[in-house]
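**Student:** My questions will all concern the structure given below.
The values are calculated or read from the model by the stated rules, or taken from the named source; none is laboratory data. Computed from a prediction, not measured in an experiment: that's the story for all the values here. All Cβ positions, glycine included, derive from the backbone under ideal geometry; neighbour counts span all protein chains shown.
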Amino acid sequence: MKITVIGAGIVGSAIAHELVLRGADVDLLDTRGPGLGATRASAGILAPHLEGHIPELRRLVTCGLSMYDDFMRRVERDSGQRVEYERCGTLQAAFGDVEAQQLADSAGALRAEGIEHTLLDGAGARRLEPALSDHATAALLVPAHGYVGATCLTQALVAAARARGARLSTATVRRLDGGRQAALVTTHEGTIRSDAVIVASGSWPIEAQPSPVPVITPIRGQLVHLRLDQPATSRVIWGPDCYLVPWRDGSVLVGATVEDVGFDERATSDGVRQLLNAAAGLVPSLDRARFEEVRVGLRPKGFDELPIIGRSASMPSVCYALGHYRNGVLLAPLTAALVADLVIDGRERPELALVRPDRTAKG
């Protein structure tokens, strides 16, 4: 089966790898190259139980995390590359009585779901993470959480897919036509005829697409990369105004802003300042960290919290994998499985019913 995947971010690259594992002949297209859009500005946090998701999304992200160990083993096996991946847990810190009560409520919800966790007072949190601010009054530890190097993982996925025969191209897509018998992807280099096309292009629309497509809103996220001589903390730290992801080499990723500014990928002094102040408020030693860079990406947001995955109603040979917003890394293994099941095997996993394109106004 010949399949073209448009978009080589974390989602598109995971789909390409899953498809070649199942015997498909795959072309992977991305004008920028692998992982250089929204993925590059992702901290790679794997924490489905941290934020208050709607129940449907909580089900999806929990499923995504459960797939990650096996997912990583397959990627590293096929690519021959090692990717930084830790299930070191997350520590969510509270400052003041109101936030402490919110953590207590979250702990109650985790207890009802049977999720391992520990609710700590401020002193207990600092025994666990000595660098944490003295102003933290409570903290919630969830040991199952962790992080992965999103850009490195994307590059490994592409290498793994190419090792099994996939072709990578930076040709610009000019037009997509998806009929019942075949799909045509026209680029500036020519036309690719496929049995199916997977659209995983993130926030970026495909020009001259003849049929209505799901509406995706780009949400700018700025992420700051700092560095210390050694890791600042031993696990992901989540505060009221930022999160911190500590890497083994002393890097700390600080994220992230949420800005509805259209297709504007420029970093701003205000965004960087907010993140630096929030980071130092959470872990004061970060005031002495070296500034490495700021990364900016446009996160693709649909009309609700859920991604858009499934066949187009108007183009039978086209399948969408869009709208993952802040959960693209966490949902990559599940999205790849959902798409491959549908396109290769003609099978719909139960989770697909939650994310079908025809639940939206367009599709």
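**Student:** Would you point out which residue out of Leu120, Leu103, Leu132, Leu140 is touching a strand residue (DSSP E or B) at 6+ places or on another chain (Cβ under 7 Å) and part of a loop (DSSP other than H, G, I, E, B)?
**Tutor:** Leu132
**Student:** Please find, within region 334-356, the residue that is nearest to the chain's Cα centre (by Cα) out of those that are more than 22 Å from Asp25 (Cβ to Cβ) and surrounded by 23 or more Cβ atoms within 10 Å (Cβ to Cβ).
**Tutor:** Leu334
**Student:** Right, here's the next one. Hey, among the residues in region 296-330 that are closer than 18 Å to Leu36 by Cα and among the aliphatic types (A, V, I, L, M), which one's surrounded by the most Cβ atoms within 10 Å (Cβ to Cβ)?
**Tutor:** Selected residue: Ala321.
**Student:** Please work out which residue is nearest to Pro246 (Cα to Cα), limiting yourself to region 30-46 and to residues that are in a loop (DSSP other than H, G, I, E, B) and aliphatic (A, V, I, L, M).
**Tutor:** Ala43
**Student:** May I pose another question? Just to confirm my filter: which strands (runs of 3 or more DSSP E) fall fully inside region 158-248 and include at least 1 residues that are surrounded by fewer than 22 Cβ atoms within 10 Å (Cβ to Cβ) and acidic (Asp, Glu)?
**Tutor:** 173-178
**Student:** On to the next question. So which residues in region 1-10 are closer than 19 Å to Gly323 by Cβ and not in a helix (DSSP H, G or I), if there are any at all?
**Tutor:** Val5, Ile6, Gly7, Ala8, Gly9
Each row is one residue, and each column tells you yes or no for (1) in contact (Cβ under 8 Å) with a residue 40 or more places away in the chain; (2) in the same structural domain as Val158 (by TED's automatic domain parsing); (3) not in a helix (DSSP H, G or I).
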| residue | (1), (2), (3) |
| --- | --- |
| Pro48 | yes, yes, yes |
| Glu56 | yes, yes, no |
| Val61 | yes, yes, no |
| Leu65 | yes, yes, no |
| Asp69 | no, yes, no |
| Ala93 | yes, no, yes |
| Val98 | no, no, no |
| Ala107 | no, no, no |
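**Student:** Considering only residues that are of a type in the set (Lys, Arg) and in contact with a helix residue (DSSP H, G or I) (Cβ under 6 Å, 6 or more places away or on another chain), which ones fall in region 25-64?
**Tutor:** Arg40
**Student:** Can you tell me which residue among Arg162, Arg167, Arg193, Arg174 is outside the structural domain of Gly262 (by TED's automatic domain parsing), closer than 27 Å to Val296 by Cα and not acidic (Asp, Glu)?
**Tutor:** None of the others qualify; the one that does is Arg174.
**Student:** Further question on the same structure: Take the residues in region 50-95 that are touching a strand residue (DSSP E or B) at 6+ places or on another chain (Cβ under 6 Å) and over 22 Å from Leu119 (Cβ atoms); name whichever of them is surrounded by the fewest Cβ atoms within 10 Å (Cβ to Cβ).
**Tutor:** Within region 50-95, the match that is surrounded by the fewest Cβ atoms within 10 Å (Cβ to Cβ) is Met72.
**Student:** What strands (runs of 3 or more DSSP E) lie completely within region 255-335 and have 1 or more residues being in contact with a Cys (Cβ under 6 Å, 6 or more places away or on another chain), of a type outside the set (Phe, Trp, Tyr) and more than 30 Å from Arg59 (Cα to Cα)?
**Tutor:** Counting at least 1 such residues, we get no strands (runs of 3 or more DSSP E) at all.
**Student:** Looking at Arg235, Arg295, Arg288, Arg248, which one is closer than 17 Å to Ala41 by Cα and assigned by TED's automatic domain parsing to the domain that holds Ala136?
**Tutor:** None of the others qualify; the one that does is Arg295.
**Student:** Kindly evaluate Ala332 against the criterion of being under 25 Å from Thr154 (Cβ atoms) and either out of contact with any Asp or Glu (no Cβ under 9 Å at 6 or more places or on another chain) or outside the structural domain of Gln222 (by TED's automatic domain parsing) (or both).
**Tutor:** Here the answer is yes, as Ala332 does meet what is asked.
**Student:** Give Ala100, Ala125, Ala138 a once-over and let me know the one that is surrounded by 18 or more Cβ atoms within 10 Å (Cβ to Cβ) and in contact with a helix residue (DSSP H, G or I) (Cβ under 7 Å, 6 or more places away or on another chain).
**Tutor:** Exactly one residue qualifies, and that residue is Ala138.
Here is a yes/no grid of residues against (1) within 14 Å of the chain's Cα centre (by Cα); (2) at pLDDT 95 or above; (3) β-branched (Val, Ile, Thr); (4) outside any loop (DSSP other than H, G, I, E, B):
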{"residue": "Gly12", "(1), (2), (3), (4)": "yes, yes, no, yes"}
{"residue": "Leu28", "(1), (2), (3), (4)": "no, yes, no, yes"}
{"residue": "Gly52", "(1), (2), (3), (4)": "no, no, no, no"}
{"residue": "Val75", "(1), (2), (3), (4)": "no, yes, yes, yes"}
{"residue": "Arg111", "(1), (2), (3), (4)": "no, yes, no, yes"}
